[in-house]
1. Can you tell me which residue among 239, 235 is touching a residue at least 24 places away in the same chain (Cβ under 8 Å) and either part of a loop (DSSP other than H, G, I, E, B) or closer than 26 Å to residue 169 by Cα (or both)?
2. Mind counting the residues in segment 263-289 that are under 30 Å from the mean Cα position of the chain (by Cα) and crowded, with 20+ Cβ neighbours inside 10 Å?
3. Restricting attention to segment 272-297, and to residues there that are of a type in the set (Asp, Glu) and touching a Ser or Thr at 6+ places or on another chain (Cβ under 9 Å), which single residue is nearest to residue 183 (Cα to Cα)?
4. Can you tell me how many residues within segment 180-226 are assigned to a loop (DSSP other than H, G, I, E, B) and among the charged types (D, E, K, R)?
5. When you scan segment 81-92, do you find a residue that is surrounded by fewer than 17 Cβ atoms within 10 Å (Cβ to Cβ), aliphatic (A, V, I, L, M), in contact with a Leu (Cβ under 8 Å, 6 or more places away or on another chain) and under 26 Å from residue 300 (Cα atoms), even just one?
6. Tell me which residues, restricted to segment 266-281, are in contact (Cβ under 8 Å) with a residue 60 or more places away in the chain and either under 18 Å from residue 227 (Cα atoms) or in a helix (DSSP H, G or I) (or both).
7. Would you confirm whether any residue within segment 86-109 is in contact with a helix residue (DSSP H, G or I) (Cβ under 7 Å, 6 or more places away or on another chain), in a helix (DSSP H, G or I), modelled with pLDDT of 90 or more and among the β-branched types (Val, Ile, Thr)?
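The values are calculated or read from the model by the stated rules, or taken from the named source; none is laboratory data. Bear in mind that the values here come from a model prediction, so they are computed numbers and not experimental data. Note that each Cβ is placed from the backbone with ideal geometry, even for glycine, and that neighbours are counted across all protein chains shown.
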Amino acid sequence: MYSQADEEEALLAGRGLCGGVGGYSQDVLGKVGYRSGQRRRVSVHSAGQCLFGPWLLFCLVYALRSFRLRFDQPLLCNALTVACGLVVLALGYVAAVAAVQNLRGSRREPSWVIFAFLTTLTAYVLGAILGGLNYSTNLHWYYSSTTLNEYWGVDPSRSPSQQLSPGQQFMDAGLVHFSENATLDLGRSMGFRDEDTYCVAPITVKDAGAVLPLEVYDFWAVGLDCCSPNVADFHCGEHLSPQVHSGLRVLDDSRRDFFRLAVQQAQAAHSIKARHPLFFYWTSDARAERNSFLEEGYKYYLVGMLVHFGWQSLAVVLAASSFASQGCD
């Protein structure tokens, strides 16, 4: 005869297997009211691990691939990313062993370990992909700009050195605050079409309200899809504001090549010279414009964290519901 304690232990030890659970025969389980396939309470510990484990890994990989460590120490960043991948592989090995044991059993039961591996692998891949996109779109540009110098009171019509052109003198410029008489020469602007339209307008000076011609045009305001090809109708950024005298350096190599082509067209069309053109986004507050890229990077990181947590929570709830309906904890 089975005592009441034995019957209660059998119920607590049950794992949802048919024909006997936890080493107890079916007649004992039937006596205490357990039937194969009935819903059971899900292990909160297992569900919690499957909720927070993959999410924390996603946040870690997303941060590694997005922020300053990748820019300052790329080798260390890559090593840490690989280490996270090894953790995923180790969990995959454990899941594979559990799957093999499951296949060898009399019944095939769902497993939290297998679920954890699949969602952790998904979290790792998504973290790496989204981190790379966030870095290339926002944060790499911001970190690169902070390594360059900031100049004040730059006169586009003058060069500090007689041997070098203005563009050569300020090759290390990230932010440039031009002199109060600096302005855009919209009449000598130009656009180059290649899928997008790359627009350029020379930065010059004005005297008594009149735009003065320069011997060399090395400073250019630029924009994307804000002009017409081969027509001087530049309307990029704050081009009409007389209070704007600063520029944020363009560091995107893929775009700079097309801006150079636009400058070459402007030289041919307007008979002007540009020896070492530098490209800037024309703005009233170059620092705020640069910081906006950092803010966008943090915003996308936060949104990614919240969305992934919501997705992981939904996956855990669905898995727990499925496991409980199959008599598994």
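1. Numbers: 235 fails: touching a residue at least 24 places away in the same chain (Cβ under 8 Å).
Selected residue: 239, the only one of 239, 235 that is touching a residue at least 24 places away in the same chain (Cβ under 8 Å) and either part of a loop (DSSP other than H, G, I, E, B) or closer than 26 Å to residue 169 by Cα (or both).
2. Looking only at segment 263-289, we keep the residues that are under 30 Å from the mean Cα position of the chain (by Cα), and these are 278-289.
Narrowing the set further to residues that are crowded, with 20+ Cβ neighbours inside 10 Å leaves 278-280, 282-283, 286.
Residues that pass the stated criteria total 6.
3. Let us first name the residues in segment 272-297 that are of a type in the set (Asp, Glu), namely 285, 289, 295-296.
Narrowing the set further to residues that are touching a Ser or Thr at 6+ places or on another chain (Cβ under 9 Å) leaves 285, 289, 296.
Values: 285: 15, 289: 19, 296: 29 Å.
So the residue we want is 285.
4. 6
5. yes
6. 266, 269, 270, 279, 280, 281
7. Within segment 86-109, the first condition is being in contact with a helix residue (DSSP H, G or I) (Cβ under 7 Å, 6 or more places away or on another chain), and the residues that meet it are 88, 91-92, 94-95, 98-99, 108-109.
Within this subset, residues satisfying the condition of being in a helix (DSSP H, G or I) are 88, 91-92, 94-95, 98-99.
Among the residues that remain, those that are also modelled with pLDDT of 90 or more are: 88, 91-92, 94-95.
In the following step, the residues that additionally are among the β-branched types (Val, Ile, Thr) were identified as 88, 94.
The answer is yes; a qualifying residue exists.
Matching residues to (1) outside the structural domain of residue 90 (by TED's automatic domain parsing); (2) surrounded by 22 or more Cβ atoms within 10 Å (Cβ to Cβ):
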{"position": "113", "(1), (2)": "no, no"}
{"position": "120", "(1), (2)": "no, yes"}
{"position": "129", "(1), (2)": "no, no"}
{"position": "186", "(1), (2)": "yes, no"}
{"position": "201", "(1), (2)": "yes, yes"}
{"position": "216", "(1), (2)": "yes, no"}
